[in-house]
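To keep things clear, I will list the structure first and then write my remarks on it.
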Amino acid sequence: MENEKKKQNKNMKLDDAARVQVLSPGMMVAKRFLRNRLAIIGLVVIVCMFVFSFLGGALIPYSQSEVFYRTESVKKDYAGATKIKDYLVMMKEGEQLPKDGYSKSVLAITTGKYNFMTADKKMMCLQDMGANVYLLYNGKKPIERNEIGMICQNSFTPYAPDMELSYEFCRNIMTAICEGKSVTEDGSYTIEQVSDSASMVKDKDGVNYAYVSDMNINAVASGEFLSPEYKEAVVNAIESGATDFTYVNADGTEEEYMISSKGGQYEIKRYQDSQVIDTYAAPSSRHLVGTDANGMDLLARLMYGGRISLLIGFVVVFLEVLIGVIIGGISGFFGGWVDNLLMRLVDVIYCIPSIPLYMILGSIMDYMQVSATVRIYMLCVIMGIIGWVSIARIVRGQILSLREQEFMIAAEATGISIRRRIFKHLIPNVIPQLIVFATMGLGDVILAEASLSFLGLGIKYPAASWGSIINAVNDSYVMTNYLFVWIPAGFLILLTVLAFNFVGDGLRDAFDPKMKR
């Protein structure tokens, strides 16, 4: 009879469900969780987000702050031209104009009194050569022939950039022009009038030597030499009233120049190949999601931004759970004045307006020029300190009901210390509710971080988060015409928050299947 009972017990086998229930309650919770399809989808999405953010950020060849450029033809200022209205003074070699010599000379030309005295009691005089050209002399009369300089309203441009034009050359040219001659007095140079206000000077061989004009034409870029032929083309275009002209450069290429008048001055522009920031580039093989307003790769910023958004979510929830469990556990276990004191602290924290506080702290960090990395940690700490009160109330309520049960009475009777009773017996019984609350709270924290970054109170440039990426699109034109800039970040936030909510719902149903019924 006894052998038959042993044989019957040996042949008895528990089915899988019974084995899980008997051997491992945790495995039963896991089995219920795995049966929830939405929870599994959420878990898969969360894993994909971590892979996308951390592994993708390590594999992508671009950094989150790398700026990209493109080459395009841009209309830029090339030169400027203006009519010479002020008198220019050219001094003879070895001569020096007195300090008030220029002002006294201009005054003499204006009044027609060509004899004047300088501040140092020196007599000077002018000789009118015509065409607004005057020779400057020391002494009362030009007949003394003590010539020291020339005053005119003309500019001289040498043919070669390293060539210097002497005073004697300029004087001889202007004398010939004033006398209406085409050859200088010594016959070394010929003068060819190319327009009403400009002349080309050629040497004995008929080669262009210098260009004389009553217009001042200078290049915008320092060190850029404008040849006499180019200045001649500019003067001809201005005098003919043209808005553009073409000119063959020294390398034989023909370029088009645009002329615009502004307040009596002429701006000369041309199209030049320039490196510009590749802003709002459409998705391509090089940039799969495109680039943002700063020319940065959006896919790289989404990956690195996912790291920060997920990191902030987990760090903040960890701080909330840590502080909430300690405060709620102590309050619920001791009760009495300890409970009243800690719950009033919770009420005070609840009354603190979070958004104004974030704005004040954000302004302080902006004023102190806090780095982006430190700002991330500060944001985690601030959100954790403000957000623990809900967890504290949940833990307190659970412990108030658990501390009166038989197992706690037995623990107190055996002499177990208060710390062990709280953290070894009470808190583990609250962990299922904490896991559900923390999982669903992760999505709320990510949304809060995105909202703060959108308001400019969170992560600062050049660091990226999904919220700061959306914050960069603060213009209606950009928002409607460059959808690829903000939709991916918004879609990732939506997926991540939904995934955490699905996982939280699945854990809640797994820990307490009666709620589902």
Filtering helices (runs of 4 or more DSSP H) wholly in the range 414-517 for at least 1 residues that are among the hydrophobic types (A, V, I, L, M, F, W, C) and surrounded by fewer than 17 Cβ atoms within 10 Å (Cβ to Cβ) gives 427-454, 476-481, 483-511, 513-516
Take Met129 and decide whether it is outside any loop (DSSP other than H, G, I, E, B), hydrophobic (A, V, I, L, M, F, W, C), under 29 Å from Leu226 (Cβ atoms) and open to solvent by less than 20 Å² (accessible area, probe 1.4 Å). no
Residues that are within 22 Å of Gly313 (Cα to Cα), in a loop (DSSP other than H, G, I, E, B) and among the aliphatic types (A, V, I, L, M): does the range 342-354 have at least one? yes
Answer with yes or no whether Met90 is modelled with pLDDT of 85 or more, in contact with a Gly (Cβ under 7 Å, 6 or more places away or on another chain), surrounded by 16 or more Cβ atoms within 10 Å (Cβ to Cβ) and closer than 30 Å to Ala221 by Cα. yes
Of the residues Ala58, Ala39, which single one is of a type outside the set (Ser, Thr, Tyr), outside any loop (DSSP other than H, G, I, E, B) and open to solvent by less than 70 Å² (accessible area, probe 1.4 Å)? Ala39
Just to be sure I understand, how many residues within the range 159-194 are within 58 Å of the chain's Cα centre (by Cα) and either part of a helix (DSSP H, G or I) or surrounded by 11 or more Cβ atoms within 10 Å (Cβ to Cβ) (or both)? 17
Condition first: open to solvent by 40 Å² or more (accessible area, probe 1.4 Å), among the aliphatic types (A, V, I, L, M), under 22 Å from Gly80 (Cα atoms) and assigned to a strand (DSSP E or B). Can you find one or more residues in the range 195-212 that meet it? no
Quick one: which residue in Tyr350, Tyr358, Tyr367 is more than 29 Å from Met408 (Cα to Cα) and surrounded by 14 or more Cβ atoms within 10 Å (Cβ to Cβ)? Tyr358
Looking at Ala372, Ala411, Ala392, can you tell me which residue is under 30 Å from Ala510 (Cα atoms), among the small types (Gly, Ala, Ser), out of contact with any His (no Cβ under 7 Å at 6 or more places or on another chain) and open to solvent by less than 60 Å² (accessible area, probe 1.4 Å)? Ala392
If you go through the range 213-255 one residue at a time, how many are closer than 17 Å to Glu267 by Cβ, open to solvent by less than 20 Å² (accessible area, probe 1.4 Å) and in a helix (DSSP H, G or I)? 4
Among the listed residues Asp77, Asp86, which satisfies the condition of being in contact (Cβ under 8 Å) with a residue 24 or more places away in the chain, assigned to a strand (DSSP E or B) and of a type in the set (Asp, Glu)? Asp77
With respect to the numbered conditions (1) more than 30 Å from Ile470 (Cβ to Cβ); (2) at pLDDT 90 or above; (3) not basic (Lys, Arg), which one is the sole condition not fulfilled by Asp273? (2)
Residues in the range 282-311 that are part of a loop (DSSP other than H, G, I, E, B), open to solvent by less than 20 Å² (accessible area, probe 1.4 Å) and among the charged types (D, E, K, R): how many? 1
Taking the range 158-198 and the residues there that are of a type in the set (S, T, N, Q) and farther than 29 Å from Leu107 by Cβ, the one that is modelled with the lowest pLDDT would be Ser195
I need a count of the residues in the range 423-471 that are among the basic types (Lys, Arg) and over 26 Å from the mean Cα position of the chain (by Cα). 1
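The values are calculated or read from the model by the stated rules, or taken from the named source; none is laboratory data. A quick note: this is a predicted structure, and the numbers were derived from the prediction, not measured. Glycine also receives a Cβ, built like all others from the backbone with ideal geometry; neighbour counts cover every protein chain displayed. Side chains are part of the model used for accessible areas, which takes the heavy atoms of the whole protein and leaves out ligands, DNA and RNA. Shrake-Rupley method; radii C 1.70, N 1.55, O 1.52, S 1.80 Å.
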